[in-house]
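Asker: Here it is: the structure, laid out below.
Computed from the coordinates by the stated procedures, all read-outs in this text should not be read as laboratory data. No experiment lies behind these values; they were computed from the predicted model shown. Methodologically, a virtual Cβ is constructed for each residue, glycine included, from the backbone with ideal geometry; neighbour enumeration extends over all protein chains shown.
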Amino acid sequence: MVEELNFKQELVGVFGKPVAENPTQVMVEAAFHHHQLDWRYLTLEVDPADLGDAVRGARAMGFRGFNCTIPHKVAVIEHLDGLGESASTMGAVNCVVNRDGQFIGENTDGKGFVVALKDIIDLSNKSFVLFGAGGAARAIGVEVALAGATSITIVNRSEKRGRELVELLNAGTSARADYVKWEGEFSIPEGTDVVVNATSIGLFPDIDAVLAFDIDSLSPEMVVADVIPNPPRTRFVRDAETAGCKVIDGLGMLVNQGIIGIEYWTGVTPDPMVMRAALEKVFGN
Ligand code: NDP
């Protein structure tokens, strides 16, 4: 059943492609409901050609902010009044916050990841292997570097994207990044602290797709993280658990980036359990 909006409700939302059931909307509205916040999170289909008008519309309608998904994460920047530090370094925005009438672009993807990771490991002086060089890898790479990681190895199929991310990290952060072309099974170097799948391998419906790496190169001291929220228990997550590693699944990152967005918009820190339970209803656990 669609609930009617009423005029006293505060509005946030997401500008992106149409989806039948948007997990982020389900998660954020569960938090609003739990904390008795009279707010609504709307899923709004915005064509790339209409993005500027959509942002002007959000201003005119007093939106308190909005998320941006693909394909708007970079294009939205020219319509905003300013950027937070990491959004500026990575050149991509997934969360816009209305601060005293100014629309400021932030990036919560990597911040959510770092919060989930910091629960189990202190990031200072840590070395990372990051599979992928797309939007999620970029957000994670920048944010873990800003949080104190010293070494980041980018393993990516496309050399161009891999090298671009390495250049961005070396130029914009104090971490040392290097690129390895992903051919055949990658072997995790000894001494690696954190291994991250930031590719789309394992995402529904291709849940049996295999991340090409040598499982025997994982050791129990390593922390392993997967960005895939659907399904949360990917093959990579299961392999890492079998190897005795501590593991973070993609729901942890999604919940934490949702928490940060709600904090930015409302000033309230929502209950993570309520949000995770809402996501598990959508994705299963
Ligand atoms: P992009 O399309 O920007 O990047 C995809 C990445 O995956 C690229 O590095 C690409 O490599 C790699 N890749 C895809 N298929 C293969 C393959 N078969 N073999 C090797 N590499 C492959 O996507 P995003 O970075 O935006 O998103 C990636 C994933 O992150 C998505 O599944 C998304 O669901 C998830 N995500 C999760 C979030 C969360 O909160 N949990 C938040 C944001 C994203 P190449 O460059 O060679 O094409």
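Asker: For each of 93, 166, count neighbouring Cβ atoms within 10 Å of the residue's Cβ, then give the residues from fewest to most.
Answerer: Fewest to most other Cβ atoms nearby, the residues stand as 166, 93.
Asker: Moving to a separate point now. Rg over Rh of the chain, using C-alpha atoms and the Kirkwood radius, what does it come to?
Answerer: Value, to two decimals: 0.97.
Asker: A follow-up question, please. Which percent, to the nearest 5, of DSSP beta bridges fully inside the chain are antiparallel?
Answerer: Of those bridges, close to 20 percent are antiparallel.
Asker: Explain nothing, just compute: Karplus ³J(HN,Hα) = 6.51 cos²θ - 1.76 cosθ + 1.60, θ = phi - 60°, for every residue of segment 207-218 in order, whole Hz, x for Gly and Pro.
Answerer: Couplings: 6, 9, 4, 9, 6, 7, 8, 7, 4, 5, 7, 7 Hz.
Asker: While we're here: Tell me, what is the percent relative contact order of segment 51-161, built from C-alpha pairs under 8 Å that lie six or more residues apart?
Answerer: Normalised by residue count, the contact order of segment 51-161 is 21 percent.
Asker: I'd like the distance between the alpha-carbon centres of segment 213-285 and segment 83-152, rounded to an integer number of Å.
Answerer: Comparing the Cα centres of segment 213-285 and segment 83-152, I get a distance of 16 Å.
Asker: Still on this model: For residue 213, what residues show an amide H to amide H distance below 5 Å, using hydrogens built from the backbone and excluding near sequence neighbours?
Answerer: 186
Asker: While we're here: Hey, what number do you get for the chain at 222 nm if only DSSP H runs of n ≥ 4 count, each worth -39500 (n - 2.57), divided across all residues, to the nearest 500?
Answerer: Estimated from H runs of four or more residues: -11000 deg cm²/dmol.
Asker: Another question, then. So who's got an amide H within less than 5 Å of the one on residue 248, skipping anything under 5 residues away but keeping other chains? H placed 1.01 Å off N, in plane.
Answerer: Here 224, 225, 226 satisfy the definition.
Asker: Continuing with this model, one more query. Report, as a whole number in µm² per second, the diffusion coefficient that Stokes-Einstein gives for segment 110-248 at 20 °C and 1.002 mPa s using the Kirkwood radius over alpha carbon pairs.
Answerer: The Stokes-Einstein estimate is 146 µm²/s.
Asker: Something else about it: Using a Gaussian network model of the chain with C-alpha springs under 10 Å, which one of 217, 88, 151 is most mobile by mean-square fluctuation?
Answerer: Checking each option, the largest mean-square fluctuation is seen for 217.
Asker: Just to check I understand the Karplus step: with θ = phi - 60° and J = 6.51 cos²θ - 1.76 cosθ + 1.60, what whole-Hz values come out for segment 225-234, glycine and proline as x?
Answerer: 10, 10, 7, 5, x, 9, x, x, 8, 6
Asker: A follow-up question, please. Run the simple label-point estimate for residue 219 and residue 35 please: 7 Å along Cα→C-beta, distance reported in nm.
Answerer: So the two model labels end up 4.2 nm from each other.
Asker: Another question, then. Read phi for every residue in segment 99-104 and hand back ³J(HN,Hα) as whole Hz from Karplus 6.51 cos²θ - 1.76 cosθ + 1.60, θ = phi - 60°, with x for Gly and Pro.
Answerer: The phi angles translate into 10, 6, x, 9, 8, 10 Hz.
Asker: Another one. Take the Cβ-Cβ distance between residue 208 and residue 164 as r, set R0 to 30 Å, and report the resulting FRET efficiency rounded to the nearest 0.05.
Answerer: Step by step, r from the Cβ atoms, then E = 0.50.
Asker: Comparing 23, 189, 272, which has the greatest mean-square fluctuation in the GNM of the chain with Cα pairs linked when under 10 Å apart?
Answerer: 189
Asker: Give the lysines reachable from residue 111 as a straight Cα distance under 20 Å; neighbours fewer than 8 places away on the same chain don't count.
Answerer: List returned: 73, 126, 246.
Asker: Ok, one more. Given H placed 1.01 Å from N in the peptide plane, which residues other than close sequence neighbours of residue 230 have an amide H under 5 Å from its amide H?
Answerer: Amide H to amide H, under 5 Å and 5 or more residues apart or across chains, residue 230 pairs with 204.
Asker: State to the nearest 20 debye the size of the charge dipole of the chain about its Cα centre, where the only charges are +1 on K and R beta carbons and -1 on D and E beta carbons.
Answerer: The calculation lands at about 300 debye.
Asker: Another question, then. Can you list which of the trypsin sites (Lys or Arg not before Pro) found in segment 116-171 are DSSP loop residues with at most 15 other C-beta atoms within 10 Å?
Answerer: Counting only loop positions with at most 15 other Cβ atoms within 10 Å, the trypsin sites (Lys or Arg not before Pro) in segment 116-171 are 157.
Asker: Using Cα-Cα distances under 8 Å and only pairs 6 or more residues apart, what relative contact order does the chain have, in percent?
Answerer: 16 percent
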